[in-house]
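Everything on this sheet refers to the single structure shown next.
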Amino acid sequence: MKRLIIILGVAFYSQISFSQEIPITTEQQLENLTDANEGETEDDTYLQELENFRRHPLNINTADAEEFKQLRILTDLQIINFITYRNLFGKLISLYELQAVPSWDIGTIKKLVPFITTATAISLKDEAGMRFRDGEHSLLLRGIQVLEKAKGFDKSTTGTKYLGSPQRVFFRYRYTYKNLLQFGIVGDKDAGEQFLKGAQNKGFDFYSFHLFARKIGIIQSLALGDFSVNLGQGLTQWQGLAFKKSVDVMGVKRQSATLRPYNSAGEFYFNRGAGVTIKKGKIESTVFASIRKLSANFVADTVNNEDFISSFLTSGYNRTPSEQADRNNLRQTSFGGNILFRNNRWHVGANAVFYNFSLPVVKREEPYNRYAISGNSWYNMSFDYSYTYKNMHFFGEAAIDKRNNKAFVNGLLVSVDPRVDLSIVQRTISKGYQSINGNAFTENTFPTNETGIYAGVSIRPAIGWKIDAYADFYKFPWLKFLVDAPSYGKDFLAQVTFTPNRQVEIYTRFKTETKQANQSDNTTVTNFLVNLPKQNWRTQISYKLNTSFTIRNRVELLWFDNNGVNKANGFLTFFDFMYKPMLKPLSAVLRLQYFETDDYNSRIYAYENDILYGYSIPGFFDKGFRYYLNLNYDLAKNVSVWLRLAQTVYRNQVTVGSGLDEIQGNRRTEVKVQIRWIIGKS
């Protein structure tokens, strides 16, 4: 009991003074995702949900499995064990009881406590009027600018230029009542895009509106406007943020409600239309329909007198005449849904999604595009399933596409002992299988052309110690971009975390991966594959000096193709100084960093503390210094402002960046300013 009281005290402190922090494991997941995609996500839905649950904790005495999944902290096995415990012993009087739930370890409870509460349930009749009356209105305004002038903004030279100003501007109005009702509007202008003139004479380049309600009688979810759809294990469709391999070895299962509200700045991975989820007893069904415009590379074939698109454009940039020419030139109509049968221990579901395009899709004629999506229409269908038996949870999905290509993902979560958890994921995905919005637990970005087996283990040998490790072996039966033959790879990771007390957390990890790719700078007639091993070793220490100050240090080394002709090494270290006192209006974070790598292959990604709802996960290569300063000040109880200054200074460089983003000089400085105003009772 004493140990749990300490944990709850730490969690309460975190809730007050570290409201912009996310778990370290989530930081690593975001770093891995950015590394794999070579770009940051713009979907801040996860950060919004965490902040909402901090302000309005989830009532665990009434929450169902779908609501627990929104936290992305618990596995399905832990959720089922809690609901079984609650059904057996009744509602919890205190959070202290959580330690008695099977498979709930101390670390899980510590991460969960800031977002949950035990409260008296309110009837649907009493709450109906409160949804529109007692929620809160929030208005967020954000401005971002790189201070140095990039080539695309230099009007003194000839050539293609950006048509708009260098500022990025974002605004979001949102009304929320707990996690039961929300609606709002988003506007976003990227740097280089016009505002109130030219192609954007209506203001922002991108607008998004949504209305989303939960738990209205038999209606579990109702979505109007913009929303995302997540089906099964991601073989057919998964539009929300989803993590892959990381130190969180038990987080291998896709978990989400089918419909989710969308109000982020990304301009591709969402639907625009309507969707509804209805639940009656053990049966739950979702249907949705969407019509929206997409940007795509347009090709006019004058020989055959037909037009088509060669690829989808997902960046959302409309800064130059050529980018504007491809803007919203494709109409996509999509519809689909699922039907689920479930009880406390199992579920089985059928999923389907259908697409129709106003122009046919014809990918460039390359060997690796042999099985690419083509034509005016596409569809994917699947069955997904799960079953829990005692301390084991089995899950999976089996899918087919329009050409009858098949894909399978199956996984197992096992709590072997109160101190040992295991995870296994096997996938077999045909070289021809394709899905437009698929995002499964695979090595590839999209679920296609892959077979593999993953195994992870998490061990808590003693109080304060945790060991996480995984191994993954995979093959690609067909060619890939810059991989001109079938190939294979393997990954291994081991991390040891030591938390001796409330003031100190230390982790050290070693990761090694080997993939095959074409030999760069090859001069022979045909390309040939080579093994490209990469190893990372990282150690991070966090020390809390007192209730206001925390210091954190990281050292990371990287070796790329260490014994081969592509040999490159990388090094990165930083110090964080965090000032976040309880019940004070001002908080600040300062980072001082040095990095040195031989080339882009040896780049190192590092998650950075940012303004609320902001992502900053740069990949560092070459040699240089970086620092940033975050300031957060509460002007009043309901008004907060953020200021962020970040600068990278490169050694021995005369330019930074490339193309229209090239800057003359050796430094790049970015400023972010944000203000949030909240009005409401909730």
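Brief remarks on what is shown
- Condition met for D491 (in contact (Cβ under 8 Å) with a residue 40 or more places away in the chain and in contact with a Leu (Cβ under 9 Å, 6 or more places away or on another chain)): no
- Wholly within the range 327-392, strands (runs of 3 or more DSSP E) carrying at least 3 residues that are over 28 Å from the mean Cα position of the chain (by Cα): 346-361, 375-389
- Which listed residue is touching a strand residue (DSSP E or B) at 6+ places or on another chain (Cβ under 8 Å), without any contact (Cβ under 8 Å) to a residue 60 or more places away in the chain and among the polar types (S, T, N, Q), from S315, S264, S310: S310
- Scanning the range 586-594 finds one or more residues that are hydrophobic (A, V, I, L, M, F, W, C), crowded, with 20+ Cβ neighbours inside 10 Å, closer than 19 Å to A646 by Cβ and under 26 Å from the mean Cα position of the chain (by Cα).
- In the range 77-101, of all residues being at pLDDT 85 or above and touching a strand residue (DSSP E or B) at 6+ places or on another chain (Cβ under 8 Å), the one that is surrounded by the most Cβ atoms within 10 Å (Cβ to Cβ) corresponds to L77.
- If you go through the range 459-481 and keep only what is in contact (Cβ under 8 Å) with a residue 60 or more places away in the chain and crowded, with 18+ Cβ neighbours inside 10 Å, you end up with R460, K466, D468, A469, Y470, D472, W478, L479, K480.
Let's see how each residue does on (1) in contact with a Pro (Cβ under 6 Å, 6 or more places away or on another chain); (2) of a type in the set (F, W, Y); (3) closer than 26 Å to V361 by Cα:
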position: G411; (1), (2), (3): no, no, no
position: F441; (1), (2), (3): no, yes, no
position: P447; (1), (2), (3): no, no, yes
position: A455; (1), (2), (3): no, no, no
position: F473; (1), (2), (3): no, yes, no
position: F492; (1), (2), (3): no, yes, no
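- Residue list for the range 384-418, filter: among the charged types (D, E, K, R) and either closer than 20 Å to I79 by Cβ or surrounded by 23 or more Cβ atoms within 10 Å (Cβ to Cβ) (or both): D384, K390, E397, D401, D417
- From the list Y628, Y650, the one residue that fits, being crowded, with 16+ Cβ neighbours inside 10 Å, more than 26 Å from the chain's Cα centre (by Cα), at pLDDT 95 or above and within 28 Å of R319 (Cα to Cα), is Y650.
- Residue in the range 57-68 that is part of a strand (DSSP E or B), at pLDDT 85 or above and surrounded by 14 or more Cβ atoms within 10 Å (Cβ to Cβ) present: yes
- Of all residue pairs spaced 6 or more apart or on separate chains, those with beta-carbon atoms under 9 Å, a first member in the range 387-403 that is under 24 Å from N449 (Cα atoms) and a second member that is of a type in the set (K, R) and surrounded by 14 or more Cβ atoms within 10 Å (Cβ to Cβ) are F395/K253; F395/R254; E397/R254; A398/K406; A399/K406; I400/K406.
- The range 469-498: number of residues that are of a type in the set (D, E), under 17 Å from V530 (Cα atoms) and assigned to a strand (DSSP E or B): 1
- Yes/no for D248 being touching a helix residue (DSSP H, G or I) at 6+ places or on another chain (Cβ under 8 Å) and either in contact (Cβ under 8 Å) with a residue 12 or more places away in the chain or surrounded by fewer than 24 Cβ atoms within 10 Å (Cβ to Cβ) (or both): yes
- Exactly one residue out of K672, K623, K580 is touching a residue at least 12 places away in the same chain (Cβ under 8 Å), in contact with a Ser or Thr (Cβ under 6 Å, 6 or more places away or on another chain) and either surrounded by 15 or more Cβ atoms within 10 Å (Cβ to Cβ) or not charged (D, E, K, R) (or both): that is K580.
- Members of the range 504-530 that are in a strand (DSSP E or B) and more than 30 Å from S542 (Cα to Cα): T514, K515, Q516, A517, N518, L529, V530
- Only a single item in (1) surrounded by 19 or more Cβ atoms within 10 Å (Cβ to Cβ); (2) touching a Ser or Thr at 6+ places or on another chain (Cβ under 8 Å) is not met by A36, and it is number (1).
- Residue under evaluation F204, criteria (1) out of contact with any Asp or Glu (no Cβ under 7 Å at 6 or more places or on another chain); (2) of a type outside the set (S, T, Y); (3) farther than 30 Å from I373 by Cβ, criterion not met: (1)
- Test: T120 is at pLDDT below 95, within 30 Å of T669 (Cα to Cα), outside any strand (DSSP E or B) and not acidic (D, E): no
- Single unsatisfied condition, K390 versus (1) on the phi > 0 side of the Ramachandran plot; (2) at pLDDT 95 or above: (2)
- Taking the listed residues N501, N553, the one that is closer than 19 Å to T25 by Cα and assigned to a loop (DSSP other than H, G, I, E, B) is N501, with no other qualifying.
Listed here are the residues, each with its yes/no results for (1) over 15 Å from A494 (Cβ atoms); (2) surrounded by fewer than 15 Cβ atoms within 10 Å (Cβ to Cβ); (3) free of Cβ contacts under 8 Å to residues at least 60 places away in the same chain.
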| residue | (1), (2), (3) |
| --- | --- |
| E505 | yes, no, no |
| T508 | no, no, yes |
| T514 | yes, no, yes |
| Q519 | yes, no, yes |
| N522 | yes, yes, yes |
| T526 | yes, yes, yes |
| Q535 | no, no, yes |
| T539 | no, no, yes |
| I551 | yes, yes, yes |
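The values are calculated or read from the model by the stated rules, or taken from the named source; none is laboratory data. Since we're looking at a predicted model, the values are computed, not measured. Neighbour counts are summed over all protein chains in view; Cβ atoms, including those assigned to glycine, are modelled from backbone coordinates with ideal geometry.
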